[in-house]
1. Restricting attention to region 74-162, which chymotrypsin sites (Phe, Trp or Tyr not before Pro) occupy a DSSP loop and are surrounded by at most 12 other Cβ atoms within 10 Å?
2. Report ³J(HN,Hα) in whole Hz for each residue of region 120-135, in order, from the Karplus equation J = 6.51 cos²θ - 1.76 cosθ + 1.60 where θ = phi - 60°; Gly and Pro get x.
3. Taking 0.36 nm per residue of separation and subtracting the Cα-Cα distance, what length does fully extending Cys138 through Glu71 add?
4. Scan around Asp81 for amide H atoms under 5 Å from its own, H built in the peptide plane at 1.01 Å from N, and keep only partners 5 or more places away or cross-chain.
5. Sequence-distant or interchain residues sharing an amide H contact under 5 Å with Ile94, placed H: which?
6. Just name one of His101, Thr30, Gln84: the one whose Cα is farthest towards the positive end of the charge dipole of region 1-128 (beta-carbon charges, Lys/Arg +1, Asp/Glu -1).
7. Using the alpha carbon gyration tensor of region 1-148, what are the three equivalent-ellipsoid semi-axes (square root of 5 times each eigenvalue), largest first, in whole Å?
8. With θ set to phi - 60°, apply the Karplus curve 6.51 cos²θ - 1.76 cosθ + 1.60 along region 63-72 and write out the HN-Hα couplings as whole Hz, x wherever there is a Gly or Pro.
Amino acid sequence: MRCNWRIVSTNHFDIYTDYLAVTFNQATATGLSFMLDGAISHDGITRFLPGNEFASKDLWLHVKSTVRQVERDDGDIVFDDTIQEKQWTDESGIMCWYYDHSPGRSVHGINFLNCHCHSRDVSIPVTCKIIHKPIFKCDLKTKKVRRRPVVTKNELMRQMLATAINCRFSSMENMNFIKRKNKKDFIPSCGDINPYDGPKSSAC
């Protein structure tokens, strides 16, 4: 079904991200142009995408005003990692194998380290890093060659702590960094929590 959209923003970034959020089919520049009745051409979209290299700073500038509206002293900054499985995509430093705890096996895809501001029942992404594994290392026991990152997730998390406090990567070094450098309390997460059932252990 074709939708007639009324363009309320000339910002290609806003329009493109809104399109990604609402489309149920494969997201394409042609599809977006079609939905907008040609108000933005296919060429205009394809020129926009490679012409901009967005980073966490751009995301923060985009959501800062919204965060300021909902933030509270008892709000949380929560870290988590997400794997977008891409079974048939060629392997690279970004598109490679990661262990996924949900199915309990390694999957082929992209791994994101996300940071969300959670306040007043609203969760807003404030920064995001893509895990990159450009280094090849041979496992002496299995004789298999595996990819390794230059910067670990724990190191990335500490880099992102300029806007984050509550995290689930609970190494002692991380907790000391939070307590001493940021003067904040560390709240450990319980990996045995089902988001639908609640904690399974009273220790949580």
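Every number here is computed from the coordinates shown, using simple stated rules; none is lab data. Because the structure is a prediction, the values reported are computed rather than measured. Cβ placement follows ideal geometry from the backbone for every residue including glycine, while neighbour counts extend to all protein chains displayed.
1. Answer in residue order: Trp88.
2. 6, 6, 10, 10, 10, x, 10, 7, 8, 10, 8, 6, 10, 10, x, 9
3. Difference between extended and current length: 19.5 nm.
4. Asn114
5. Sorted by chain and number, the residues that satisfy this are Lys133.
6. Sorting the options by dipole projection puts first Thr30.
7. 33, 24, 14
8. In residue order, the calculated couplings are 9, 4, 4, 5, 4, 4, 6, 10, 5, 9 Hz.
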